[in-house]
Ligand SMILES: [Zn+2]
Ligand SMILES: [Zn+2]
């Protein structure tokens with residue numbers, strides 16, 4: 001790519017980012033205005049209840065119930081706006097409350113499995129097919145046999161690595177998952193890629 005094309009590409013990326021930021025800011029303003037609406041309702045309910053108290057008629061009446069219903073509705077609207085904001089930021093929220101990158105398959109905090117992204121290619125399928133092939137015990141096939149042996153040794157080493165954390169020493173977590181070798185986020189309890197408990 002030429003210098004000018006790179007420059008052009010960089011500028012359009014920056015333009016798209018600025019547009020996303022503007023949309024996010026717009027949604028954030030809507031959220032804070034709705035939060036203000038909720039605070040106003042709380043205040044209204046408080047005043048109403050205190051007036052009843054003064055008149056010695058303290059009760060949950062229709063006005064209180066209507067305010068509660070309004071708060072519930074506005075809360076749901078805020079939650080919807082927050083989903084939009086997270087999607088624009090390339091994030092999503094787990095059922096446990098953890099916010100994770102949108103492509104995460106397993107929550108690093110609770111291990112929850114997110115619905116599959118539309119990606120039908122599973123690398124493990126190929127590996128299984130290779131394993132199921134009968135191993136010919138002919139002289140000409142020694143090389144392949146050696147390769148399989150090496151792979152088995154590697155699996156054993158991986159399993160050893162997996163057993164390590166049972167020793168009660170507070171050490172920094174492995175940088176990659178012992179099960180799938182994908183990078184792991186600091187403090188994660190579960191692998192974000194395969195859900196392996198860490
Ligand atoms: Zn979670
Ligand atoms: Zn993993």
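No value in this document is a laboratory result; all are computed from the given coordinates. Since the model is a prediction, treat every value here as computed from it, not as a measurement. Note that each Cβ is placed from the backbone with ideal geometry, even for glycine, and that neighbours are counted across all protein chains shown.
Residues 3, 190 in ascending order of nearby Cβ atoms (within 10 Å, fewest first): 3, 190.
Computed with the Debye formula from one identical point scatterer per Cα of region 1-74, without solvent, the log10 of I(q)/I(0) at q = 0.18 Å⁻¹ comes to -0.79.
Per-peptide packing, taken as the mean over residues of other Cβ atoms within 10 Å, places 61-69, 108-116 in the sequence 108-116, 61-69 from highest down.
Using Cβ contacts closer than 10 Å as the measure, can you line up 70, 13 from fewest to most?
Exposure proxy ranking, most exposed first: 13, 70.
Within region 34-113, the ratio Rg/Rh, alpha carbon atoms throughout and Rh by Kirkwood, equals 1.23.
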